[in-house]
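Q: The structure is given below, and queries will be raised subsequently.
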């Protein structure tokens, strides 16, 4: 990926080109920048050729590496006073991962090899191990690594763009809310393709942060909300939509098996429920919900 210094010190910010076409011609996506409450030079842009949404300039590799090791550089203090800790959120997903494993059991046999990218607390690995699968994980966050080591999970510190396993090692690779954080999601998807066996599966879940029908509606009516400025304002580097998530795995060589979008909140039971239901009906054609789930397969 081509990189060049952003405004200010090159140690703190970097500009990036589109991962699909290498195009540096972008247009400002001001509603995304406003919603995240970003301070200059950070901003959200859209590739004019591919429609991919991403942050550029964004926090540099130097900053991201410090955050992964539990440090918050002074330049990011306007966003928070502590680095992010994803372990508690990961531990709260046990019920969700249990249900997901039940689905995986319909096409995977016990004993097969599964890798979890960004395994955080290791809850997904623990459930799979209990069900008889050979589970492995990679993680860069030090807190997640510590917990996995205490629980004797087979986890190594590594970036998704450089997975330290040999070709055709796994039957399934799982990535829950990981690809939106990566410096180069396409390189990571190609790494997954390399380590999967022919006929193996990749499962990805990402937020549909700026492509969902609710955000589209708010843009139309000029009422995009602005979130409180925090570390969550800057922890996503890419903002996938239905179109660009499919493009991601297709560029890596995968065939899409399933693409679903979901809503993270229920329909209200008061008079607002009628409008919420109407929004979702429109969303079945345009935008979709705020969560995207994709299952792709490596050709045999």
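The values are calculated or read from the model by the stated rules, or taken from the named source; none is laboratory data. Quick caveat: nothing in here was measured; it's all calculated off a predicted structure. Every residue, glycine among them, receives a Cβ derived from its backbone with ideal geometry; neighbour counts consider all protein chains shown.
Q: Please tell me if residue 160 is crowded, with 20+ Cβ neighbours inside 10 Å and either modelled with pLDDT of 95 or more or assigned by TED's automatic domain parsing to the domain that holds residue 48 (or both). Before the answer, list the steps.
A: Values: crowded, with 20+ Cβ neighbours inside 10 Å: yes; either modelled with pLDDT of 95 or more or assigned by TED's automatic domain parsing to the domain that holds residue 48 (or both): yes.
Judged against the criteria, residue 160 is a match.
Q: Within the range 193-300, considering only helices (runs of 4 or more DSSP H) that don't extend past its boundaries, which have at least 3 residues that are under 30 Å from residue 79 (Cβ atoms)? I'd like the intermediate steps shown before the answer.
A: Values: elements: 213-220, 242-251, 272-283.
Result: 213-220, 242-251.
Q: Could you check the range 264-300 and list, in sequence order, the residues that are closer than 21 Å to residue 96 by Cα and touching a residue at least 40 places away in the same chain (Cβ under 8 Å)? Write out each step before concluding.
A: Initial filter on the range 264-300 (closer than 21 Å to residue 96 by Cα): 264-267, 288-296.
Selection gives 288, 289, 290, 291, 292, 293, 294, 295, 296.
Q: Out of 71, 99, which single residue is assigned to a helix (DSSP H, G or I) and without any contact (Cβ under 8 Å) to a residue 60 or more places away in the chain?
A: Of 71, 99, the one residue that is assigned to a helix (DSSP H, G or I) and without any contact (Cβ under 8 Å) to a residue 60 or more places away in the chain is 99.
Q: Is there a residue being at pLDDT 95 or above, more than 22 Å from residue 224 (Cα to Cα) and crowded, with 20+ Cβ neighbours inside 10 Å anywhere in the range 60-75?
A: First, the residues of the range 60-75 that are at pLDDT 95 or above: none.
No, the conditions are met nowhere in the range 60-75.
Per-residue answers, yes or no, for (1) over 30 Å from residue 22 (Cα atoms); (2) surrounded by fewer than 14 Cβ atoms within 10 Å (Cβ to Cβ):
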residue	(1), (2)
100	yes, no
106	yes, yes
123	yes, no
167	no, yes
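Q: Between a first residue in the range 175-200 that is at pLDDT below 95 and a second residue that is assigned to a helix (DSSP H, G or I), which pairs have beta carbons less than 7 Å apart while being 6 or more apart in sequence or on different chains?
A: Once the first residue is at pLDDT below 95 and sits in the range 175-200, no partner that is assigned to a helix (DSSP H, G or I) comes close enough.
Q: Would you mind stating whether residue 203 is within 13 Å of residue 245 (Cβ to Cβ) and crowded, with 23+ Cβ neighbours inside 10 Å? Talk me through it step by step, then tell me what you get.
A: On the way: within 13 Å of residue 245 (Cβ to Cβ): yes; crowded, with 23+ Cβ neighbours inside 10 Å: no.
For residue 203, the condition - within 13 Å of residue 245 (Cβ to Cβ) and crowded, with 23+ Cβ neighbours inside 10 Å - is not met.
Q: Kindly indicate whether any position in the range 140-151 is outside any helix (DSSP H, G or I), surrounded by fewer than 22 Cβ atoms within 10 Å (Cβ to Cβ), assigned by TED's automatic domain parsing to the domain that holds residue 101 and at pLDDT below 95. Show your work before the answer.
A: Residues of the range 140-151 outside any helix (DSSP H, G or I): 140-141, 151.
Narrowing further to those that are surrounded by fewer than 22 Cβ atoms within 10 Å (Cβ to Cβ): 140, 151.
Pick out the ones that are also assigned by TED's automatic domain parsing to the domain that holds residue 101 and you get 140, 151.
Those still in the list that are at pLDDT below 95 too: 140, 151.
Yes - at least one qualifying residue is present in the range 140-151.
Q: Tell me yes or no: at least one residue of the range 7-24 is closer than 20 Å to residue 209 by Cα and assigned to a helix (DSSP H, G or I).
A: For the range 7-24, residues closer than 20 Å to residue 209 by Cα and assigned to a helix (DSSP H, G or I): absent.
Q: Follow-up. Looking only at the range 251-300, filter to residues that are in contact with a strand residue (DSSP E or B) (Cβ under 8 Å, 6 or more places away or on another chain) and farther than 18 Å from residue 205 by Cβ; which one of those is surrounded by the most Cβ atoms within 10 Å (Cβ to Cβ)?
A: 298
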